[in-house]
Amino acid sequence: MPVFVLRLQLIATEARQERNKSVAPIAKCDCRLPGPTKRTSSAAMAAGKAVWMAQARSTAGSMMVAASCGVAVGWASSAVVKLQDRTGPFQLTDDQASWVVSLNDVGILLGSLLSGLCFSVLGRRATLLLCPLLLLGWAALTFAATAPAFLYVARLLSGAGMAVHFVYGNVYLAEVSVRSSRGLLSLLTSLFAMAGTLLQFCVGPYVSYRTQAWLGALPAAAALVLLLLFTVESPYYLAMRDRPDEMLAALARLRGCSVESDALRDEAHEIERTVERQRSAGSLLAALCSPASRRAASVGVVVQATAPLFGESVLMAYAQKIFIISGSPLGDAQSAIVLYVAQASACLACTALVDRWGRRTLLSVSCLGNCIGMAVLSAYLGASPDRQGPLQWIPLASLLLFVVSCSLGANPVPGLLLAELLPQRAKPLMAPLSMMLFSVTAFAVSKSFLALGEAAGMFAPFAVFAAWNALAVAFTRLFVPETKNKSLAEVYGMLSGREEAPKQN
């Protein structure tokens, strides 16, 4: 399940980088959040509260979309077990189960293409509306399924819905939020996604197959209502479409200000100037032709596109089944819950460590921990020891080490690196491209996991994950640059081989 965590933490990083820029600051709107001063006027506090409320209303739908994606991510862990032990409406073979899990990744590939076409033509709000509609289709087909083919189509829909949110949900949040709230909005989005997956892990094993299907429909329906009622179109999109009056009205709703506010108009003019600069900056191909851009694309895309080979996505999809195979003193369903709670806690810890340890160090340490956890589990399954006494704790302990270490770096850092290394002009092209490559890799890993375990022994896929994480440690130390405490201008200068970054980003 790495995708939404690595995607949902990009905004906070970019906001910190923007504060390091040396360009002249944008005129402050009197309705923005006030800074931490000893004496804050009641008017400023009221203006700050108005901004929080306005942004909370407009982003509530996006938050609920994240929860819907989390529910869809966690569905497979217990649902596949039901369908294989004959407690569902039909029975799945191991090969059919692998298709059910892996077709979600094919859906992510298709959804990346679909949302890319809609994003610039229909707008941010209309693109986001696709996500709950696709997830409602997934829930309906899952509920009505009477054969594996129903689930194949349903998983394509769920993957497409996730892709819409993963690729463009953060773009919308970045365009409508003020700097001081981007970090909090990113954290809240991550927490909503984790809450959705945790709901499936905690409730899914103890309810019927069809009841579990409806768990996915409830947050998707709520997200659709919130998006229709409260979500405001992005001012940047309206400026790009040359609709200045609508852009000013949307910005006023997002800032809780009157359209007559001089400071609000200053911000609107700055948005228009930014859009004009982007129009005159040249083609996307030109942005990717420089050596610095090629190096950034190579490192960032390779790290993110190969992230499924760390093993976390397939582990979370098959968590309950893995514990059935390996054994656990807590029981398979309870062990899967413990695993996900540990993962969510580690993701929160990562937000504090990523700027202290640095991306490169955190990714190296994380992959080393992943390697140890997977190697221990592979050796345990290969040796087939007596699963009684202290040894029965080895599978749970090794998987806990893996999910904690993965969540500290291998999960979120690839997406952060991609956001920091790529030039601004290249991001609209490279973000969906990296997601498509990610989905291809994830599909291959998910589809081959059970097949490799059946052919060579269940220790084999975990041995592959251990070996890849060992290679990732070496790749990180040799090729991944450190971007900690660097502005985008400094990162670009470093990639270009200059000791000093340019003055402007």
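The values are calculated or read from the model by the stated rules, or taken from the named source; none is laboratory data. Remember, predicted model here, so these are calculated numbers, not experimental data. Heads up, the Cβs are rebuilt from the backbone with ideal geometry, glycines too, and the neighbour counts pull from every protein chain shown. Note: areas computed on protein heavy atoms with side chains; ligands, DNA, RNA excluded. Shrake-Rupley method; radii C 1.70, N 1.55, O 1.52, S 1.80 Å.
Quick rundown of the values:
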item: Unmet criterion (only one of (1) β-branched (Val, Ile, Thr); (2) at pLDDT below 75; (3) open to solvent by less than 30 Å² (accessible area, probe 1.4 Å)) for residue 259; result: (3)
item: Residue that is nearest to residue 199 (Cα to Cα), among those in segment 303-354 that are open to solvent by less than 40 Å² (accessible area, probe 1.4 Å) and among the hydroxyl-bearing types (Ser, Thr, Tyr); result: 340
item: Contacts under 6 angstrom Cβ, first residue in segment 352-375 being farther than 17 Å from residue 461 by Cβ, partner modelled with pLDDT under 85 and of a type in the set (D, E, K, R), 6 or more apart; result: 358/482; 358/484; 360/482
item: Long-range neighbours under 6 Å by Cβ, at least six apart or interchain, first residue without any contact (Cβ under 8 Å) to a residue 24 or more places away in the chain within segment 112-134, second of a type in the set (Val, Ile, Thr); result: 118/127
item: Top-ranked residue of segment 53-73 - restricted to ones that are in contact with a helix residue (DSSP H, G or I) (Cβ under 8 Å, 6 or more places away or on another chain) and at pLDDT below 85, ranked as nearest to residue 203 (Cα to Cα); result: 59
item: Residue that is farthest from residue 129 (Cα to Cα), among those in segment 219-272 that are under 28 Å from the mean Cα position of the chain (by Cα) and basic (Lys, Arg); result: 255
item: Within segment 93-109, considering residues that are among the hydrophobic types (A, V, I, L, M, F, W, C) and open to solvent by 10 Å² or more (accessible area, probe 1.4 Å), the one farthest from residue 445 (Cα to Cα); result: 109
item: Some residue of segment 234-252 being open to solvent by less than 30 Å² (accessible area, probe 1.4 Å), part of a loop (DSSP other than H, G, I, E, B) and modelled with pLDDT of 80 or more; result: yes
item: Condition broken by residue 82, with the remaining ones in (1) open to solvent by 10 Å² or more (accessible area, probe 1.4 Å); (2) more than 20 Å from residue 204 (Cβ to Cβ) satisfied; result: (2)
item: Boolean, residue 377 is over 23 Å from the mean Cα position of the chain (by Cα) and modelled with pLDDT of 85 or more; result: yes
